[in-house]
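Student: Attaching a single structure in structure tokens format; questions to follow.
Values in this text are rule-based calculations from the coordinates and carry no lab data. Just so it is clear, the model here is predicted, and its values are computed rather than measured. Note that we place each Cβ from the backbone using ideal geometry, even for glycine, and neighbour counts take in every protein chain shown.
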Amino acid sequence: MVPTVVVKPGHVQPIWAGHPWVFAQAVERVQGGAEPGGEVEVVDGRGNVLGRGLYSPRSAIRVRLFTRGPNRPIDAETLAGALGRAVERRSALGLPSPDTDAYRLVHAEGDDLPGLVVDRYGSDCVVQFGTIGIKQREHIVYETLTKELAPRAIVDASSPAIAKREGFQPDGGVARGDTDLRELRFTERGLKFAVPLDLAQKTGFYLDQRPLRARVEALAANRDVLDCYSYVGAVALSAARGGAKRVEAVDSSALAIEVAAENAELNGLSGRVSFRRGEAIEALHHAGRHGGFDLVICDPPKLAARRSAKEAALKMTRRVAAGACQATKPGGLLLLSSCSAAINLADLTRSAALGARDVGTRPLVLERLFQGPDHPVPAAFPEGLYLSSLLLQVIPL
């Protein structure tokens, strides 16, 4: 008998409509002795089945749903089937392609595999387990990836903080395959990258910003470009290849700057980008005092990991926007991003407006960009649209 999670009245509608999460405050009671990571059936107060999910008693999200309707278990066939469909979905998007072999293969809720992220980097795969339930079923993930893709190595890049909260121990490093693997080598839009495993943020690269990098490349011709929070130089290299007159890239990590310079050399772009270690805010202020740039890119790391941090994150976003507007020449272009699900497009736009006003400028929204199509989002799951970018023209007041 599968344990049951009964949802309170007033919390059923979003789940019925397709939202994949059952929050702690939505749970009326748990029946049948649910175990951490165990399969549970989610029902409304009348006993109508809403779906089945995996139980996370230490999380604010008590259940993440994998299947809908009655008698649909979360077994090896279900998980392997969802993973196989994720592979087919990317193939339909043209991934991998001759010029791009790095992309998101599994995007958690977007691929009916909540708690699981799989990114493909050339011959290798990197996984992140975000719940104790999916971690307990890692052997199914590894076996299916091996069958579908035959990767040289599968690397576990699960967050230690999330693992501690959920109650499991991440493997860290190579979990399957070539244990001598030290770096990820891959190609995106014809640009080659090598990223050491010990540097990797997220799973190694910001795959979700592929559309933004392509846009930067298209805009860069004959412009002076400043790329803040540059990490391993993907945006800066895109700008250089796009014909920028000058590209400066800034990051606070000495290792990231070193790797970025190596990637520039790998692509024959060493003489067209200058890499500098420094804090982004300071770099923006310095640029503003010295004439500014035609195109400024600000893509800071996640500022609001949880909704409780939203207010502080909005203040920081406003501050970044203000500095970026100062660093942009009058009439120039600014790309401002937020990767925090707690900060939606409206929040980002308001922060940009307020930050610009703080320094006597007015931003005109020209375009809005989001995560790439290999990061799908269920229509009933607004939290899944976590990445927003604004292309702004910065106009003096």
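Student: Just subtract the alpha-carbon distance of residue 350 and residue 179 from 0.36 nm times their residue separation and send over the number in nm, one decimal.
Tutor: So the chain would gain 56.8 nm between residue 350 and residue 179.
Student: For residue 315 and residue 136 in one chain, what is 0.36 nm times their gap in residues minus the Cα-Cα distance, to one decimal in nm?
Tutor: In short, 60.6 nm is gained.
Student: Additional query: Kindly identify segment 4-67 as rounded, prolate or oblate by the Cα gyration tensor criterion: order the square roots of the eigenvalues as a ≥ b ≥ c, call it rounded if a/c is under 1.5, otherwise compare a/b with b/c, prolate if a/b is larger, else oblate.
Tutor: Since a/c stays below 1.5, the shape of segment 4-67 is classed as rounded.
Student: Now a separate question. Sort 169-181, 256-268 by the packing proxy (mean of other Cβ within 10 Å over each peptide's residues), most packed first.
Tutor: With the highest mean Cβ count within 10 Å placed first, the list reads 256-268, 169-181.
Student: Moving to a separate point now. Could you give me the percent of Cα pairs per 5 Å distance bin for segment 303-357, shortest bin first, beginning at zero and ending with the bin that holds the maximum distance?
Tutor: For segment 303-357, the binned pair fractions read 4, 23, 31, 22, 11, 5, 2, 0 percent.
Student: When ranked by the protection proxy of mean other Cβ atoms within 10 Å per residue, highest first, what sequence do the peptides 224-235, 321-332 form?
Tutor: 224-235, 321-332
Student: Shifting gears a bit: How big is the shadow of the Cα convex hull of segment 110-255, averaged over all directions, in nm²?
Tutor: Its Cα hull, projected and averaged over all orientations, spans 9.6 nm².
Student: Less than 12 Å apart at the alpha-carbon level, and either on another chain or at least 8 residues along: which aspartates and glutamates does that give for residue 202?
Tutor: 119, 156
Student: Please grab the % of Cα pairs in segment 206-396 that end up more than 22 Å from each other.
Tutor: Tail fraction, whole percent: 43.
Student: Taking the alpha-carbon distance from residue 315 and a cut-off under 16 Å, which lysines remain once sequence neighbours fewer than 8 residues away in the same chain are dropped?
Tutor: 302
Student: Using a simple spin-label model with points 7 Å from Cα along the Cα→Cβ vector, what separation in nm is obtained for residue 49 and residue 189?
Tutor: In this crude spin-label approximation the distance works out to 4.6 nm.
Student: Give, rounded to the nearest 20 debye, the magnitude of the charge dipole that segment 350-397 has about its Cα centre when Lys and Arg contribute +1 at Cβ and Asp and Glu contribute -1 at Cβ.
Tutor: My answer is approximately 260 debye.
Student: Moving on to the next point. If you take the square roots of the eigenvalues of the alpha-carbon gyration tensor of segment 3-152 and sort them as a ≥ b ≥ c, do you get rounded (a/c under 1.5), prolate (a/b over b/c) or oblate?
Tutor: prolate
Student: With contacts defined as alpha carbon pairs under 8 Å and 6 or more residues apart, what's the relative contact order of segment 76-182 in percent?
Tutor: Computed value for segment 76-182: 21 percent relative contact order.
Student: Working from the pairwise distances between different alpha carbons, so that the mean of 1/r is found and then inverted, what is segment 76-182's Kirkwood radius in Å?
Tutor: It is 13.9 Å.
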